[in-house]
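Written below as structure tokens is the structure these notes are about.
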Amino acid sequence: MRFIRFQFKDQPARQGWILDDKIGEVEGDFFGEYRRLKAEIPLEDVRLLAPVLPGKIICVGRNYADHAKEHGVEVPKVPLIFMKPPSSVIGPGDAVVLPHQSQQVEHEAELVAVIGKRGRNITAEAARDYIFGYTIGNDITARDLQKTDGQWTRAKGFDTFCPFGPWIDTEFDPSDALITCRVSGQPRQMGSTRDMVFSVGTLVAFVSSVMTLEPGDLIFTGTPAGVGPLLDGDEVIVEIEGLGTLKNPVKK
Ligand code: ZN
């Protein structure tokens, strides 16, 4: 099942689900009790929003060896985690806005796990019981500020630096899926989730040994090699095989 948030005309945002090119409303709470209404609204009549309003957005640095190598750094011995603020979230089709403080804003195509159940000290084996589903994310990064600041809050935290969506897929298998990123038609990144240094289960275990995970929290699982610049007027497309496509324009 694929869960979404959407807006129909000028009405308030609503939760829904999508089947092919039709949308239905979801009453209640994705993560608890809900009721699905029939999918009969045409997709082209609605605007898809980020599929959940996240609490915490936890990201993992250098989780693909080839990406660590392109920056000349070692793969970490334990997961290297950082956070993005919820105010950085945008949905599919929304513009990534280049901040004037950076001369080098880059894309990072990533698989994102969406937490569905509260938990602390979750084991890697039990992680799947706490994951509601998966979505596609782009961990937009001001690379120059990441280098000069040392820690990454500013470089990763600008408004519009966290596009994700278009839906949360509850049946997606994260073990071996192709991730690609194209910028204005040019291929940039290609990798498989199979090449993650730390698996999704290991990441959930590690993060939940630090902080309680809550429904709606996101875990960005790292990016493969090939990150590169985004310029005014570009369109950045992240695709994950079997999951879908996330497109965002880029502007100044
Ligand atoms: Zn990243």
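Ordered from largest to smallest accessible area (heavy atoms of protein chains, 1.4 Å probe), the residues Asp217, Asp21 come out as Asp21, Asp217. The convex hull drawn around the Cα atoms of region 57-251, when projected onto a plane and averaged over every direction, covers 9.6 nm².
When the pairs Lys22/Lys251; Lys69/Lys147; Lys117/Lys247; Lys156/Lys247 are compared against a 22 Å limit on Cα-Cα distance, Lys22/Lys251; Lys117/Lys247 fall above it. Which one of Ser87, Ala13, Thr245 is farthest out on the positive end of the charge dipole of the chain, using unit charges on Cβ (Lys, Arg +1; Asp, Glu -1) and the Cα centre as origin? Among Ser87, Ala13, Thr245, the one farthest towards the positive end of the dipole of the chain is Ser87. Roughly how many Å is it from the Cα centre of region 7-50 to that of region 158-192, as a whole number? A separation of 22 Å, based on Cα centres. Rolling a 1.4 Å probe over the protein heavy atoms of region 2-49, with every protein chain left in place, gives an accessible area that is 45 percent carbon and sulfur.
The H on the amide N of Ile23, modeled in the peptide plane, is under 5 Å from the matching H of Glu40, Ile41, Leu43, each at least 5 residues off or on a different chain. Ranked by the mean number of other Cβ atoms within 10 Å per residue, highest first, peptides 38-47, 2-11 order as 2-11, 38-47. Note that region 119-134 has calculated 3J(HN,Hα) couplings of x, 9, 6, 6, 7, 4, 5, 8, 4, 4, 5, 9, 8, 6, x, 10 Hz, one per residue in order, obtained from phi through the Karplus relation 6.51 cos²θ - 1.76 cosθ + 1.60 (θ = phi - 60°); glycine and proline are x. Diffusion coefficient of region 2-49 by Stokes-Einstein, Kirkwood radius over Cα pairs, 4 °C, 1.567 mPa s: 123 µm²/s.
In the assembled protein chains, Ser209 presents an accessible area of approximately 60 Å² (probe radius 1.4 Å). Within region 124-172, what whole-number % of the accessible surface is contributed by carbon and sulfur, with the 1.4 Å probe and all protein chains included in the calculation? That fraction is 48 percent.
Eigenvalues of the Cα gyration tensor times 5, then square-rooted: what semi-axes does that give for region 135-252, in whole angstrom, largest first?
After diagonalising the Cα gyration tensor, the semi-axes are 23, 20, 14 Å.
The residues of the chain have, on average, 45 Å² of accessible surface per residue, using a 1.4 Å probe with all protein chains present.
Taking every pair of distinct Cα atoms and averaging 1/r, then inverting, what Kirkwood hydrodynamic radius in Å comes out for region 69-117? Please report the intermediate quantities before stating the final value.
Numbers: mean 1/r = 0.0682 Å⁻¹.
Radius from the Kirkwood sum: 14.7 Å.
Partners of Lys38 within straight-line reach, counting aspartates and glutamates whose Cα lies under 14 Å from its Cα and excluding those fewer than 8 residues away in the same chain: Asp20, Asp21, Glu25, Glu27.
Convex hull volume per residue, computed on the Cα atoms of region 44-139, equals 156 Å³.
Please grab the % of Cα pairs in region 121-186 that end up more than 21 Å from each other.
Cα-Cα pairs in region 121-186 separated by more than 21 Å: 49 percent.
Taking Cα centre as origin and charging only the Cβ of basic (Lys, Arg, +1) and acidic (Asp, Glu, -1) residues, the dipole magnitude of the chain rounds to 560 debye.
The values are calculated or read from the model by the stated rules, or taken from the named source; none is laboratory data. Because the structure is a prediction, the values reported are computed rather than measured. Glycine also receives a Cβ, built like all others from the backbone with ideal geometry; neighbour counts cover every protein chain displayed. Side chains included, ligands, DNA and RNA excluded: accessible areas come from the protein's heavy atoms. Shrake-Rupley method; radii C 1.70, N 1.55, O 1.52, S 1.80 Å.
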